[in-house]
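K.L.:
Shown below is the structure under consideration.
Nothing in this text is a laboratory measurement; each read-out follows from the coordinates by a stated rule. It should be emphasised that the depicted structure is a prediction, and the values quoted were computed from it without experimental measurement. All Cβ positions, glycine included, derive from the backbone under ideal geometry; neighbour counts span all protein chains shown.
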Amino acid sequence: MYPEQAPHVPAQRAVEVHQPTPLPPAVPVAAPVVPVQPGTVPAVASIVLPDGRVVTGYAIEPTRPEPVTAKPAVSRTAVNVALGGAGFLAVCGGLVLLTSFIAALTAFITQLIILAAVIFGGWIAVQLFSTRGHQGGTTVNIRKAVIKRNHFHS
């Protein structure tokens, strides 16, 4: 199962030693002025750092929002026609409601008049057809009409 138990010599490895390279001391150097045309950005930008190193990279253009698509202008005539149509519909609806209200009010008043006629007619009928005899008041007999102070004379 296991390989032979033979004494073996440890493997020797080649070792490389790296020594850090010292950096020269930083000497502040004024960055040179690069003439640039106003309003333009160079394709590749270079920046000189205060310690003298130069960093070069691509210029990033600022993002611009997408242009808004122009909405088609709505003519004043179309707006006026639409508003006029809405107003006309509102007036027609109001007239329909007013007509319905007037019809309902007329029916209600008619029913009140009929109710008053029925009640008053019933009262008159009770007075005419009552069997209670004459209990005071004036009795009128038109054929033999002589009326004097609640007394009938024939």
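Let's see how each residue does on (1) touching a residue at least 12 places away in the same chain (Cβ under 8 Å); (2) over 30 Å from VAL44 (Cα atoms); (3) surrounded by 10 or more Cβ atoms within 10 Å (Cβ to Cβ):
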{"residue": "ARG64", "(1), (2), (3)": "no, no, no"}
{"residue": "VAL74", "(1), (2), (3)": "no, yes, no"}
{"residue": "THR77", "(1), (2), (3)": "no, yes, no"}
{"residue": "GLY87", "(1), (2), (3)": "no, yes, yes"}
{"residue": "VAL96", "(1), (2), (3)": "no, yes, yes"}
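K.L.:
Consider region 52-72. How many of its residues are under 30 Å from PRO24 (Cβ atoms) and assigned to a loop (DSSP other than H, G, I, E, B)?
P.N.:
3
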